[in-house]
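Single-structure report; data block below.
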Amino acid sequence: MKNPSHLPLVGALGLALLAFSPLAAQASGYRFGTQSAAAEGTANSNGAEALDASTIFANPAGLTRLSGIRFSGVLDYVEPKVRFTDAGSFITSPESGLQPRPTSQPGNVQSPAGPAYVPHFYASYQLNDRMVAGFGTFVPWGAKLNYDDNWGGRYNIQKVVLKSIAFNPNLAFKVTDELSLAGGLVAQYMEGEIKRAVPYASAYTLGLLSAARQAAAAGATALALELQQQAAQVFGNPAFDGSIAVDGKDWGFGFNLALMWEPVKDSTRIGLSYRSPVKQRLKGNGDWTQPANLPAAVLAAIKAAPYDGAGKLDHNDSGASVSVRTPESLSTHIYQQITPTLALLADATWMRQSRLEQLRIDFDSSTPDSISPEHWKDTLRLSLGANWKVHKDLTLRAGVAREKSPVPSSTRSPVLPDAHRTWTTLGANFIVGANTTVDFAVGLIDVKDAAMDITDDAEGETPCNCSKARVRGNYTSKANFFGLQLNHKF
């Protein structure tokens with residue numbers, strides 16, 4: 001078998017993409033986006049409110065407003081509704097000269113996202129009149145997408161699951177009666193898994209065509225024609241699909257800083273909060289599965305043949321890793337009491353998503369790196385909200401937010417079907433006891449329709465471990481969410 005280097009290493013992106021995937025329709029990029037029911041009720045505009053221990057996530061400098069020992073437990077339920085309609089996806093093989101083969105029927109519909117329950121916990125302890133310690137445990141990033149095994153983009157992704165958890169101790173200090181500062185450390189754990197289809201038929205086809213050329217050169221015209229016909233039948237045949245399943249995990253560390261200024265006591269507060277990037281190197285295993293009907297000689301060539309002098313395809317199981325750097329964020333927020341019963345809130349959060357230019361996977365075997373272009377852009381989320389105290393024991397909330405996506409339409413992939421989104425939320429805070437309150441929040445996240453037309457070709461970089469498959473279609477997405485939060489003072 002000659003020149004098997006064109007066999008797409010479609011599983012090579014696996015480990016990277018599991019770290020850069022959204023819980024579909026939830027928040028821009030791959031950020032989870034909901035860590036507090038109190039915040040969700042105002043579309044995450046309450047960073048300067050500092051009413052309970054969940055302020056640790058939005059602005060921990062607000063901890064100085066909390067006395068005694070406080071606890072907040074949050075449970076979020078997210079129900080994303082993602083619909084992909086295929087517009088004629090196909091796979092090509094320029095080296096073979098054969099016509100492209102469809103990978104799906106136009107109009108095929110996929111619904112890859114499912115519901116998720118996510119908990120978060122926060123606690124604070126007043127050390128003295130000017131210093132408060134706090135500790136938060138929350139989910140900063142998350143993903144869960146599961147496409148049908150035979151869908152048109154199977155060579156890009158079939159399944160991806162990402163789980164993360166952050167542990168965030170903080171210390172807040174009241175510098176003056178008007179100004180508070182805070183700082184904390186972040187220990188972040190991330191793990192995930194991904195599965196993709198591998199079109200072994202592409203390498204099989206090239207091997208058959210190579211044998212046909214050799215037969216023709218030897219004068220065996222009939223054999224050459226038979227091999228050419230066989231190649232035409234093999235190319236694009238999903239019966240020769242294999243798969244690659246990759247898992248990975250790692251710990252990473254970062255920090256956060258915050259400021260809270262109250263120029264008008266109990267009326268006006270202005271906050272500033274920064275969260276650093278977290279560097280991680282997800283390490284795991286790549287588990288290759290070849291189709292049972294692949295001829296032994298073809299399989300041997302795939303696993304051991306030279307790869308343009310740069311190594312071997314080596315589709316044997318091995319370790320794999322990718323470097324990840326989650327984006328830093330900077331938030332500015334304002335709380336303004338308008339009347340004794342009405343308060344307005346606002347937040348602007350910038351995230352440096354533009355660090356993500358390219359994902360590169362390193363296999364422990366001799367298989368060359370695999371590359372995926374991303375070219376993300378920085379994002380900005382603007383949120384506005386209001387609190388209305390309708391009764392001494394009941395406060396109603398409402399909010400709206402506009403959030404940009406970091407993903408350019410030219411590099412939008414089925415792993416990250418992201419687009420600009422609008423949040424519309426309602427919430428309430430109930431005082432249920434002398435030291436206990438409960439928060440509720442419901443909301444709709446409406447995502448702009450997102451067209452996708454992307455070819456797995458590593459942007460022309462060589463050697464190219466890519467499928468040459470083109471996925472075309474359109475995503476329509478939205479998400480409903482419900483948040484419940486219990487706050488208690490000891």
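The values are calculated or read from the model by the stated rules, or taken from the named source; none is laboratory data. What you are looking at is a predicted structure, and each value in this text was computed from that prediction instead of being measured. Here Cβ is always computed from backbone atoms with ideal geometry, including for glycine, and neighbour counts include all displayed protein chains. Protein only, heavy atoms only, side chains kept; ligands, DNA and RNA dropped before computing areas. Shrake-Rupley method; radii C 1.70, N 1.55, O 1.52, S 1.80 Å.
Overview of results
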| item | result |
| --- | --- |
| Total formal charge among the other residues, if their Cβ is under 13 angstrom from that of F482, Lys/Arg +1 and Asp/Glu -1 | -4 |
| Inter-probe distance in nm under a simple model that places probes 7 Å from Cα toward Cβ, at K265 and T455 | 6.9 nm |
| Per-residue [θ]222 nm for the chain (sum of -39500 (n - 2.57) over DSSP H runs n ≥ 4, rounded to 500) | -3000 deg cm²/dmol |
| Theoretical FRET efficiency, 1/(1+(r/R0)^6), r = Cβ-Cβ of Y77 and A297, R0 51 Å, to 0.05 | 0.45 |
| Accessible-area ranking of H120, H391, largest first, probe 1.4 Å | H391, H120 |
| Carbon/sulfur fraction of accessible area - the chain, other protein chains in place, 1.4 Å, % | 58 percent |
| The chain: Cα Rg divided by the 2.2 N^0.38 Å rule of thumb | 1.14 |
| Per-pair calculated FRET efficiency, R0 = 22 Å: L223 and E95 via Cβ, rounded to 0.05 | 0.55 |
| Whole-Hz ³J(HN,Hα) from phi, Karplus 6.51 cos²θ - 1.76 cosθ + 1.60, for the range 390-401, glycine and proline x | 8, 7, 4, 10, 9, 10, 9, 10, 7, x, 9, 9 |
| Largest-first ordering by accessible area, 1.4 Å probe, given options L63, L171, L426, L342 | L426, L171, L342, L63 |
| Computed lengthening from T422 to M131, 0.36 nm per intervening residue step minus Cα-Cα distance | 101.0 nm |
| Label-zone membership for the range 35-58, site F167, 7 angstrom Cα→C-beta point, backbone N under 19 Å | 56-57 |
| Accessible surface of R130 - all protein chains present, 1.4 Å probe, nearest 10 Å² | 90 Å² |
| Cross-link pairs K283/K377; K144/K195; K163/K195; K174/K489; K283/K448 - those with Cα-Cα distance over 24 Å | K283/K377; K283/K448 |
| Debye, to nearest 20: dipole size of the chain, +1 on Lys, Arg Cβ, -1 on Asp, Glu Cβ | 540 debye |
| For the chain: relative contact order, % (alpha-carbon pairs under 8 angstrom, 6 or more apart) | 22 percent |
| Rounded accessible area of I454 (nearest 10 Å², 1.4 Å probe) | 30 Å² |
| Inter-label distance, nm, simple model (7 Å from Cα along the C-beta direction), N435/S409 | 5.7 nm |
| I338 accessible area, 1.4 Å probe, all protein chains in place, Å² to nearest 10 | 90 Å² |
| The range 237-252 versus the range 124-170: alpha-carbon centroid distance in Å | 22 Å |
| Listed residues M131, M190 arranged by accessible area, highest first, probe 1.4 Å | M131, M190 |
| Principal axis dimensions, the range 396-490 - Cα atoms, whole angstrom, descending | 67, 27, 16 |
| For the range 426-434, Karplus couplings with θ = phi - 60° (6.51, -1.76, 1.60), whole Hz, Gly/Pro x | 9, x, 7, 10, 10, 8, 10, x, 4 |
| Derived scalar couplings ³J(HN,Hα) [the range 237-245; Karplus, 6.51 cos²θ - 1.76 cosθ + 1.60; whole Hz; x for Gly, Pro] | 7, x, 5, 9, 6, x, 7, 9, 10 |
| Calculated SAXS-style log₁₀ I(q)/I(0) at q = 0.23 Å⁻¹ - the range 49-138, Debye, Cα scatterers | -1.03 |
| Two-decimal ratio, the range 88-144, of alpha-carbon radius of gyration to 2.2 N^0.38 Å | 2.54 |
| For the range 324-368, accessible area per residue (1.4 Å probe, heavy atoms of protein chains only), Å² | 44 Å² |
